[in-house]
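To start, the structure under review is shown below, and the notes come after it.
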Amino acid sequence: MTENELGRMIPKKIDHIGKLLPFEGAYAHTPLVKKEKGNRSLPKLNKLVDSIESVIVKSELKDGMTISFHHHFRNGDKILPMVMEVIAGMGIKDLTIAASSLTGAHNCLIQHIKNGVVKRLITSGIRGDLAEEISNGLMDIPVLFHSHGGRARGLETGQIKIDVAFLGVPSSDVYGNANGYTGKSACGSLGYARVDAKYADKVVLITDNIVEYPNTPFSIHQDQVDSIVVVDSVGDPEGITTGATRITKNPRDLLLAQLVSEVVVSSGYFENGFSIQTGSGGASVATTRFLREYMENRDIRARWALGGISGPMVKLHEDGFINRLLDVQSFDSEAIRSIGENRYHSEIDASYYASPLNKGCAVNKLNVVILSALEIDTSFNVNVITGSDGIIRGASGGHSDTAIGSGLSIIVAPLIRGRTATVIDSVKTVITPGSTIDVLVTDRGIAVNPRREEIKERLIKSGLPVYSIEDLKNKAEKIVGKPEPIKFKQKIVGLVEYRDGTIIDVIRQVQD
Amino acid sequence: MKIVKTGIAGTLESSDVMITVRSNSGKGIEIHLQSIVEKQFGKQIRLVVDSFLKTLSVDDAVVQINDRGALDCTIEARLAAALYRGADRTDYDWEKI
Amino acid sequence: MAKLRRTMLYVPGSNAGMVKDAHIYRSDSVMFDLEDSISVNEKDSARFLVFKALKTLDYEGIETVVRINSIESGFGVEDIKAMVRAKPDVIRLPKTEKADDIHEVEALIEEEEKKVGHPAGTIRLMAAIESPLGVINAYSIATSSRRLIGIAIGAEDYVTAMKTSRSEEGFEVLFARSQIVNAARAAGIYALDTVYSDLNNEEGFIKEITLIKQMGFDGKSIITPRQIAPVHKIFTPTAKEILFAQKVIEGIKEAEANKSGVIAVEGKMVDKPIVERAERIIELAKASGVLNMDEER
């Protein structure tokens with residue numbers, strides 16, 4: 001028996017239950033609970049820390065640790081450059097950066113890699129000068145490229161262990177309830193950041209917009225957050241979105257969009273209650289316009305759309321053509337507005353979206369997805385990461401996740417871009433295996449994966465220009481000629497991880 | 001065909017090429033190539049230009065090529081225009097071009 | 001099956017990207033322009049570009065038309081020399097005013113065809129009529145050459161010469177349009193309408209297509225691939241029209257078999273013009289791909 005803080009006698013142990021801990025006072029084991037109960041003039045309990053530097057000290061960040069960022073601020077992101085500058089100034093070295101993706105706003109990493117602050121990158125994609133430098137052999141350890149679903153899986157299984165997550169948020173209260181659609185730096189869904197908040201050891205929110213408690217509805221919540229830093233600006237609104245997405249006027253994109261919507265309509269998947277995801281490219285977004293016409297004329301409605309949501313999709317939702325939107329990333333100002341306003345425009349996290357190992361992700365229930373490609377080969381393997389010159393310039397994103405999850409995966413791309421053929425014998429880098437791709441739509445013909453013979457027949461019956469993929473490859477080659485193969489060095493600069501964690505391809509250093 | 005002055009043709013738009021020819025009397029052919037698809041098509045472009053110069057019997061010229069992904073037939077068309085302009089001639093030989 | 005000429009897509013002959021891709025939008029014809037869209041300084045380079053493209057690229061069965069410069073401009077003769085060798089399907093003449101304009105060009109073409117050994121008459125001709133005098137001479141122009149497959153109205157120059165400007169209703173071109181479509185029909189060739197350049201006025205465009213179709217034109221010159229779909233849509237017979245036409249033709253066959261005289265379909269007396277119209281609808285439907293041969297009743 002032990003006497004507890006209130007003088008009650010408590011047994012040390014009980015059979016079938018085990019050891020008992022005696023009460024030691026109401027505040028003894030709950031450090032975050034304020035002890036000055038009833039004193040209304042005290043400062044409100046909060047997690048605010050006065051600077052990035054203080055918060056890094058508080059997080060006990062050390063050499064060799066892993067930190068994370070999200071890419072919801074896209075090209076407008078100021079968080080990564082801001083945090084990395086302070087970290088570099090503090091002399092911390094050999095960090096791994098596990099970002100949901102890296103954009104044109106992250107060229108500062110070139111310096112941090114050269115100076116030894118950063119030694120490893122784990123990301124969905126890289127663009128701009130940083131990508132070019134990495135293709136030229138900037139890093140000793142290859143970059144690990146994952147899909148959005150693959151990253152969520154990595155966090156869930158512990159393959160990726162984040163020590164400190166630095167998450168920029170457009171709004172938060174002093175206790176860590178944050179959402180993405182309020183504030184001058186609004187970015188909409190925080191789907192990719194939410195998995196970091198859930199799995200990182202330490203979670204730091206950085207915001208330029210503190211709102212009154214509680215900041216409901218919230219995407220990241222107080223029980224996940226360690227500290228909050230207030231800064232002047234988390235992102236450049238011009239870079240976060242380019243305003244409302246307009247349907248393109250580019251005739252080639254419109255032609256592709258028209259063909260894609262005819263493929264969807266003729267495929268057998270166009271029926272009441274269908275679901276769809278479109279990408280953010282011009283042709284992909286424009287398909288919504290043509291599909292709407294078909295939905296109107298044939299009185300067909302979609303139950304839900306997934307993605308990457310942009311304005312034209314929101315319009316279909318608000319006009320009653322799509323009942324539900326599931327949004328992991330809001331592409332434009334209209335999507336950002338809608339996710340705040342519309343009851344059935346729901347934010348989802350990266351795991352719910354596409355993790356292959358959770359108990360059920362949204363891509364598994366998707367009917368139709370429309371995807372892009374830099375290259376596609378005669379086995380339907382798709383490359384969305386390296387350009388025709390072999391240099392990294394893209395992102396894996398949800399490509400391989402949605403391709404396998406959906407009932408009908410459609411790749412849309414011009415057959416040739418300038419003098420570069422899209423359909424070739426063998427893609428430089430495989431991101432998505434051909435066994436998960438169903439239809440290729442180009443401006444000079446359509447090809448159907450032989451494993452989907454029934455779809456091919458339906459498309460031919462509808463009068464669509466269907467060729468074999470070899471025919472399309474030959475057609476392209478006849479126009480542009482046969483390119484010299486790009487020469488690579490032995491050094492591996494990137495590993496491409498398939499969504500299940502296996503390595504599907506490697507990217508090598510380019511020769512000058 | 002003798003190049004007597006600077007001849008320029010083409011644009012820097014996508015799928016086009018800008019070609020400048022200058023006289024190079026007695027010093028043969030000099031080709032300077034800049035192309036967005038140099039790694040993939042550099043050799044082919046030089047081949048096309050070389051053989052087209054022979055077809056039109058141009059022995060001396062400096063040919064500057066700024067290529068934005070033009071097809072071979074576009075390269076030949078722009079080169080023909082630049083050459084005839086540079087030679088200050090309009091007696092086009094349609095059988096050879 | 002009759003050749004459709006609902007849409008003739010203008011492509012500036014100086015634009016390498018557009019010349020390369022002209023046919024992918026599946027207009028009925030593409031028209032490479034060496035004339036008004038090309039500045040005087042680029043006449044040579046555009047001619048070279050179109051020449052090489054026609055000789056090299058595969059336009060996959062889409063009819064190729066080249067609008068050359070007039071002979072008076074000083075560029076037309078060289079255009080003809082080049083194009084006879086590049087062999088587009090059709091050479092389109094601008095600013096035709098009288099039959100002799102056609103004869104002059106025809107003679108030049110024949111001369112070049114002889115030189116290169118092409119059988120005379122390979123290349124077809126189209127004439128654009130763009131002046132009050134041309135409109136007056138429409139019929140003699142339309143019947144001036146066996147090569148001539150059609151005449152087109154070019155309204156911009158015409159209305160200027162008429163001391164007026166284009167309006168949405170189009171009263172100012174009503175006479176010219178009527179005269180040209182009438183001349184074309186009398187000569188048994190195609191009649192093509194002028195361009196519609198207000199790209200942001202979709203409603204006005206659709207009104208104009210509906211009007212010229214009703215007047216009897218075969219199609220229209222267009223300036224962007226975005227204009228293809230609306231024209232094709234309006235020129236494609238509706239399911240109702242096709243069904244009626246099929247009934248008419250069936251009824252006629254039956255009547256002939258039974259040696260009975262007059263027939264009626266849906267309460268309408270069927271006479272010769274109705275039968276002809278029905279035949280044309282079926283033909284147009286087949287050519288537009290909305291009626292398969294095996295679906296024919």
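The values are calculated or read from the model by the stated rules, or taken from the named source; none is laboratory data. Not measured: the values here are computed from a predicted model. Because the Cβ atoms are built from the backbone with ideal geometry, glycine has one as well, and the counts that use them run over all protein chains shown.
Keeping to region C:212-234, report how many residues are of a type outside the set (Phe, Trp, Tyr) and more than 14 Å from every other protein chain (Cβ to nearest Cβ). Outline the logic, then answer.
First, pick out the residues of region C:212-234 that are of a type outside the set (Phe, Trp, Tyr): C:212-216, C:218-234.
Filter once more, keeping what is more than 14 Å from every other protein chain (Cβ to nearest Cβ): C:212-216, C:218-221, C:231, C:234.
So the count comes out to 11.
Give the residues of region C:60-70 that are farther than 18 Å from C:Asp157 by Cα and either within 14 Å of chain B (Cβ to nearest Cβ) or under 18 Å from the mean Cα position of the chain (by Cα) (or both), sorted by residue number.
From region C:60-70, those farther than 18 Å from C:Asp157 by Cα are C:60-66; that's our starting set.
The answer is C:Gly61, C:Ile62, C:Glu63, C:Thr64, C:Val65, C:Val66.
Rundown of residues vs (1) buried (at least 17 other Cβ atoms within 10 Å of the Cβ); (2) more than 20 Å from C:Asp33 (Cβ to Cβ), yes/no style:
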position	(1), (2)
C:Val116	no, yes
C:Glu130	yes, no
C:Ser145	yes, yes
C:Lys163	no, yes
C:Asp193	yes, no
C:Tyr196	yes, no
C:Ile212	yes, yes
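Is there any pair with a first residue in region B:64-93 that is away from chain A (no Cβ under 14 Å) and more than 26 Å from A:Gly481 (Cα to Cα) and a second that is modelled with pLDDT of 95 or more and part of a helix (DSSP H, G or I) whose Cβ atoms are under 7 Å apart and which are 6 or more apart or on different chains, and what are they?
Qualifying pairs under 7 Å: B:Tyr84/C:Asp44; B:Thr90/B:Tyr84; B:Tyr92/B:Tyr84; B:Tyr92/C:Glu78.
Would you check if there is a residue in region A:130-149 being closer than 24 Å to A:Val225 by Cα and crowded, with 20+ Cβ neighbours inside 10 Å?
yes
As an exercise: evaluate A:Val506 against (1) within 14 Å of chain B (Cβ to nearest Cβ); (2) not in a loop (DSSP other than H, G, I, E, B) and give the number of the one condition it does not meet.
The number of the failed condition is (1).
Condition check ((1) farther than 25 Å from A:Gly128 by Cβ; (2) in a loop (DSSP other than H, G, I, E, B)) across all residues:
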{"position": "A:Ser388", "(1), (2)": "no, yes"}
{"position": "A:Ala403", "(1), (2)": "yes, no"}
{"position": "A:Ile410", "(1), (2)": "yes, no"}
{"position": "A:Ser426", "(1), (2)": "yes, yes"}
{"position": "A:Ser435", "(1), (2)": "yes, no"}
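More than 14 Å from chain C (Cβ to nearest Cβ), surrounded by 16 or more Cβ atoms within 10 Å (Cβ to Cβ), of a type in the set (Asp, Glu) and touching a strand residue (DSSP E or B) at 6+ places or on another chain (Cβ under 8 Å), is that true of A:Asp332?
Details: more than 14 Å from chain C (Cβ to nearest Cβ): yes; surrounded by 16 or more Cβ atoms within 10 Å (Cβ to Cβ): yes; of a type in the set (Asp, Glu): yes; touching a strand residue (DSSP E or B) at 6+ places or on another chain (Cβ under 8 Å): no.
Spelling it out, it is not the case that A:Asp332 is more than 14 Å from chain C (Cβ to nearest Cβ), surrounded by 16 or more Cβ atoms within 10 Å (Cβ to Cβ), of a type in the set (Asp, Glu) and touching a strand residue (DSSP E or B) at 6+ places or on another chain (Cβ under 8 Å).
So, of the residues in region A:251-292 that are part of a helix (DSSP H, G or I), among the β-branched types (Val, Ile, Thr) and in contact with a strand residue (DSSP E or B) (Cβ under 8 Å, 6 or more places away or on another chain), which turns out to be nearest to A:Gly320 (Cα to Cα)?
Taking region A:251-292 and keeping what is part of a helix (DSSP H, G or I), we get A:251-266, A:282-292.
Within this subset, residues satisfying the condition of being among the β-branched types (Val, Ile, Thr) are A:260, A:263-265, A:285, A:287-288.
Those still in the list that are in contact with a strand residue (DSSP E or B) (Cβ under 8 Å, 6 or more places away or on another chain) too: A:260, A:263-264, A:285, A:287-288.
Working: A:Val260: 22, A:Val263: 23, A:Val264: 19, A:Val285: 18, A:Thr287: 17, A:Thr288: 13 Å.
By that ranking, first place goes to A:Thr288.
Does region A:329-363 hold any residues that are over 25 Å from A:Asn272 (Cβ atoms) and outside any helix (DSSP H, G or I), and which are they?
The answer is A:Gln329, A:Ser330, A:Phe331, A:Asp332, A:Glu347, A:Asp349, A:Ser355, A:Pro356, A:Leu357, A:Asn358, A:Lys359.
Residues of region B:30-47 being more than 12 Å from A:Arg419 (Cα to Cα) and either more than 9 Å from chain A (Cβ to nearest Cβ) or of a type in the set (Asp, Glu) (or both), which ones?
B:Glu30, B:Ile31, B:His32, B:Leu33, B:Gln34, B:Arg46, B:Leu47
Can you pull out every residue in region A:249-293 that is closer than 18 Å to A:Glu334 by Cβ, among the hydroxyl-bearing types (Ser, Thr, Tyr) and out of contact with any Pro (no Cβ under 6 Å at 6 or more places or on another chain)?
Correct list: A:Thr278, A:Ser280, A:Ser284, A:Thr287.
Pick out, from chain B, the strands (runs of 3 or more DSSP E) lying fully within it that include 2 or more residues that are under 21 Å from C:Ala16 (Cα atoms) and among the aliphatic types (A, V, I, L, M). So that I can check it myself, show each step before the final result.
Working: elements: B:7-9, B:17-22, B:29-35, B:61-67.
Once the strands (runs of 3 or more DSSP E) in chain B are filtered for at least 2 residues that are under 21 Å from C:Ala16 (Cα atoms) and among the aliphatic types (A, V, I, L, M), what remains is B:7-9, B:17-22, B:61-67.
Which is within 14 Å of chain C (Cβ to nearest Cβ), farther than 18 Å from A:Gly191 by Cα and among the acidic types (Asp, Glu), of A:Glu238, A:Glu293? Walk me through it before giving the result.
Values: A:Glu238 fails: within 14 Å of chain C (Cβ to nearest Cβ).
Answer to the selection: A:Glu293.
Could you tell me whether region B:9-19 includes any residue that is surrounded by fewer than 20 Cβ atoms within 10 Å (Cβ to Cβ), hydroxyl-bearing (Ser, Thr, Tyr) and away from chain A (no Cβ under 14 Å)? If you could, list the steps in order and put the result at the bottom.
If we filter region B:9-19 for residues that are surrounded by fewer than 20 Cβ atoms within 10 Å (Cβ to Cβ), which is where we start, we get B:11-14, B:18.
Then keep just the ones that are hydroxyl-bearing (Ser, Thr, Tyr); that gives B:11, B:14.
Those still in the list that are away from chain A (no Cβ under 14 Å) too: none.
No, there is no match, as no residue in region B:9-19 is surrounded by fewer than 20 Cβ atoms within 10 Å (Cβ to Cβ), hydroxyl-bearing (Ser, Thr, Tyr) and away from chain A (no Cβ under 14 Å).
If the requirement is being touching a helix residue (DSSP H, G or I) at 6+ places or on another chain (Cβ under 9 Å), crowded, with 24+ Cβ neighbours inside 10 Å and within 14 Å of chain B (Cβ to nearest Cβ), which of these qualifies: A:Thr442, A:Thr386, A:Thr402? Before you say what the answer is, go through the steps one by one.
Numbers: A:Thr442 fails: within 14 Å of chain B (Cβ to nearest Cβ); A:Thr402 fails: within 14 Å of chain B (Cβ to nearest Cβ).
From the options A:Thr442, A:Thr386, A:Thr402, the qualifying one is A:Thr386.
Assess whether C:Ala278 counts as being without any contact (Cβ under 8 Å) to a residue 12 or more places away in the chain and over 30 Å from C:Met18 (Cβ atoms). First the steps, then the outcome.
On the way: without any contact (Cβ under 8 Å) to a residue 12 or more places away in the chain: no; over 30 Å from C:Met18 (Cβ atoms): yes.
It is false that C:Ala278 is without any contact (Cβ under 8 Å) to a residue 12 or more places away in the chain and over 30 Å from C:Met18 (Cβ atoms).
Only one of (1) crowded, with 16+ Cβ neighbours inside 10 Å; (2) within 21 Å of C:Gly150 (Cα to Cα); (3) touching a Ser or Thr at 6+ places or on another chain (Cβ under 9 Å); (4) modelled with pLDDT of 95 or more fails for C:His103. Which number is that?
Checking C:His103 against (1) crowded, with 16+ Cβ neighbours inside 10 Å; (2) within 21 Å of C:Gly150 (Cα to Cα); (3) touching a Ser or Thr at 6+ places or on another chain (Cβ under 9 Å); (4) modelled with pLDDT of 95 or more, the one that fails is (1).
Residue-wise test of (1) free of Cβ contacts under 8 Å to residues at least 60 places away in the same chain; (2) on the phi > 0 side of the Ramachandran plot; (3) away from every other protein chain (no Cβ under 13 Å).
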position: C:Ser29; (1), (2), (3): no, no, yes
position: C:Glu42; (1), (2), (3): yes, no, no
position: C:Ala46; (1), (2), (3): yes, no, no
position: C:Asp58; (1), (2), (3): yes, no, no
position: C:Glu72; (1), (2), (3): yes, no, yes
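Take A:Ala200 and tell me if it is crowded, with 19+ Cβ neighbours inside 10 Å, more than 30 Å from A:Val83 (Cβ to Cβ) and either away from every other protein chain (no Cβ under 14 Å) or touching a residue at least 40 places away in the same chain (Cβ under 8 Å) (or both). Walk me through how you get there before you give the answer.
On the way: crowded, with 19+ Cβ neighbours inside 10 Å: yes; more than 30 Å from A:Val83 (Cβ to Cβ): no; either away from every other protein chain (no Cβ under 14 Å) or touching a residue at least 40 places away in the same chain (Cβ under 8 Å) (or both): yes.
For A:Ala200, the condition - crowded, with 19+ Cβ neighbours inside 10 Å, more than 30 Å from A:Val83 (Cβ to Cβ) and either away from every other protein chain (no Cβ under 14 Å) or touching a residue at least 40 places away in the same chain (Cβ under 8 Å) (or both) - is not met.
Can you name the number of the only condition in (1) over 30 Å from A:Ile122 (Cα atoms); (2) more than 14 Å from chain B (Cβ to nearest Cβ); (3) surrounded by 21 or more Cβ atoms within 10 Å (Cβ to Cβ) that A:Ala476 fails?
Unmet for A:Ala476, out of (1) over 30 Å from A:Ile122 (Cα atoms); (2) more than 14 Å from chain B (Cβ to nearest Cβ); (3) surrounded by 21 or more Cβ atoms within 10 Å (Cβ to Cβ): (2).
Check region C:189-209 and report whether any residue there is within 14 Å of chain A (Cβ to nearest Cβ), more than 19 Å from C:Ala138 (Cβ to Cβ) and in a loop (DSSP other than H, G, I, E, B).
If we filter region C:189-209 for residues that are within 14 Å of chain A (Cβ to nearest Cβ), which is where we start, we get C:199-200, C:202.
With more than 19 Å from C:Ala138 (Cβ to Cβ) added as a condition, the list becomes C:199-200, C:202.
Narrowing the set further to residues that are in a loop (DSSP other than H, G, I, E, B) leaves C:199-200.
Among the residues of region C:189-209, at least one is within 14 Å of chain A (Cβ to nearest Cβ), more than 19 Å from C:Ala138 (Cβ to Cβ) and in a loop (DSSP other than H, G, I, E, B), which makes the answer yes.
When C:Lys240 is evaluated against the numbered criteria (1) without any contact (Cβ under 8 Å) to a residue 60 or more places away in the chain; (2) under 27 Å from C:Ala22 (Cα atoms), which criterion, by number, is the only one it fails?
So C:Lys240 meets the others, but not (2).
Quick one: what pairs do we get from region A:462-477, first residue within 21 Å of A:Arg417 (Cβ to Cβ), second part of a helix (DSSP H, G or I) and among the charged types (D, E, K, R), C-beta under 8 Å, 6+ apart or different chains?
Between residues of region A:462-477 that are within 21 Å of A:Arg417 (Cβ to Cβ) and residues that are part of a helix (DSSP H, G or I) and among the charged types (D, E, K, R), the close pairs are A:Tyr467/A:Lys475.
Any idea which residue in region A:172-182 is nearest to the chain's Cα centre (by Cα), counting only those that are among the polar types (S, T, N, Q) and buried (at least 23 other Cβ atoms within 10 Å of the Cβ)? Outline the logic, then answer.
Filtering region A:172-182 down to residues among the polar types (S, T, N, Q) leaves A:172, A:177, A:179, A:182.
This time we only want the ones that are buried (at least 23 other Cβ atoms within 10 Å of the Cβ), so: A:172, A:177, A:179.
Values: A:Ser172: 21, A:Asn177: 21, A:Asn179: 17 Å.
Step by step, filter region A:172-182, then rank; the result is A:Asn179.
Across region C:154-176, what is the total count of residues that are part of a loop (DSSP other than H, G, I, E, B) and charged (D, E, K, R)?
Summing the residues that are part of a loop (DSSP other than H, G, I, E, B) and charged (D, E, K, R) in region C:154-176 gives 4.
Would you call A:Gly273 in contact (Cβ under 8 Å) with a residue 24 or more places away in the chain and at positive phi? Don't jump to the end; show me each part of the working.
Working: in contact (Cβ under 8 Å) with a residue 24 or more places away in the chain: yes; at positive phi: yes.
When the stated conditions are applied, A:Gly273 passes them.
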